[in-house]
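Peer 1: One structure, as structure tokens, below. Some questions next.
The values are calculated or read from the model by the stated rules, or taken from the named source; none is laboratory data. Everything quoted here is computed from the prediction, not taken from an experiment. We place every Cβ from the backbone using ideal geometry, glycine too, and count neighbours over all the protein chains shown.
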Amino acid sequence: MSQPLNRREFLELGALTAGALMMSCSAANDTKVKVPVFLDQAPDGPPLKAGLIGCGGRGTGAAEQIMRAGKDVRLVALGDLFRERLESSFQALGRAGGENFAVTKERCFVGIDAYKQVIDSGVDAVLLATPPHFRPAHVEAAVAAGKHVFVEKPVGVDAPGTLRVREACRVAARKGLSVVSGLMLHYDESMQRTIEQVHGGAIGRIVALECNYNVGGLWVIHRQPGWSDMEWQLRNWYYFTWLSGDHIVEQHVHLREAGEEEPRGRREAGAPIHQDDGRLPLGDALEETEERMA
Ligand SMILES: NC(=O)c1ccc[n+]([C@@H]2O[C@H](COP(=O)([O-])OP(=O)(O)OC[C@H]3O[C@@H](n4cnc5c(N)ncnc54)[C@H](O)[C@@H]3O)[C@@H](O)[C@H]2O)c1
């Protein structure tokens, strides 16, 4: 962080981020995505109040990070589909957050409409970390209510949902709202410097790109007596395409981002070879869906 910013400049920078994300959404052509300067700490100013929607592993982590982002960045509301997920997150965040943890029992909301209640609870910003199926509806509602948004990846599970988020990004940019993506490689300084070097020719002309993703097994939540099919699926969302988008959308999005703007002819593990014009099949599907929806 080189130069301090005041709160107004901070929010203007956030609006620029929304613009950058919007450009990224439409990067099926030759558009270069400009990455703004990212801040290590939020500048001082009036307290910024945030609410978390989706209190699982990532949401709880994101909420902890926002509470550490500056001394006046408060977490004030939590929402989740399931009470026990909210309660364990409440406990963990209470221990981690210090005075920036300002969630009261009255601002804890459970159920399918919890997102609306968090959005309406007087927050300035919301963190969206449910399974991705719900993302388009949640982003739209947050932007419509004039909230800044941190939105976990992926932003949707299919082309229509992703286009809804792209449109919401456009609305956010017009309103001067920040929409920041959970695609963390985008904000990783070492990654940015590496990409700069690669683009500067440090390793010559790239003719192929291979991405590998080495991780352990996924969790499974065993079905309990009395659960409906819906509850069982929601609790095991990774395994259901309608909720997660499946592996390529849900996980490969990180590698897809890392390979953004690479030359033609690359191949990524588990993904089809790109077409001659460098576009992924998903990119084509998005464009075609947009044309049909126009
Ligand atoms: N950027 C990253 O590095 C990264 C890392 C992990 C996860 N993620 C993303 O974060 C999101 C959440 O992943 P996770 O690992 O935290 O999953 P998780 O299952 O631990 O958490 C999801 C939470 O959302 C709740 N939920 C489900 N439907 C809801 C709804 N309609 N309204 C409110 N709450 C709802 C669940 O009860 C659960 O508590 C996913 O999109 C995932 O891809 C991103």
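Peer 1: Take region 194-206 and flag every residue that is at pLDDT 85 or above and either surrounded by fewer than 10 Cβ atoms within 10 Å (Cβ to Cβ) or within 30 Å of Tyr238 (Cβ to Cβ) (or both).
Peer 2: Across region 194-206, the qualifying residues are Thr194, Gly200, Gly201, Ala202, Ile203, Gly204, Arg205.
Peer 1: Could you check how many residues of region 93-102 are more than 15 Å from the ligand (Cβ to nearest atom) and under 14 Å from Cys55 (Cα atoms)?
Peer 2: Looking only at that region, the number is 1.
Peer 1: If you don't mind, another one. Name the single residue that is farthest from the ligand (Cβ to nearest atom) among those in region 47-92 being out of contact with any His (no Cβ under 9 Å at 6 or more places or on another chain) and among the β-branched types (Val, Ile, Thr).
Peer 2: For region 47-92, the residue satisfying everything is Val73.
Peer 1: Okay, moving on. For residues that are assigned to a loop (DSSP other than H, G, I, E, B) and either under 19 Å from Leu255 (Cβ atoms) or touching a residue at least 60 places away in the same chain (Cβ under 8 Å) (or both), tally how many sit in region 198-216.
Peer 2: So the first thing to find is which residues in region 198-216 are assigned to a loop (DSSP other than H, G, I, E, B), and the list is 200-216.
Now narrow it down to the ones that are either under 19 Å from Leu255 (Cβ atoms) or touching a residue at least 60 places away in the same chain (Cβ under 8 Å) (or both): 203, 206-216.
The total comes to 12.
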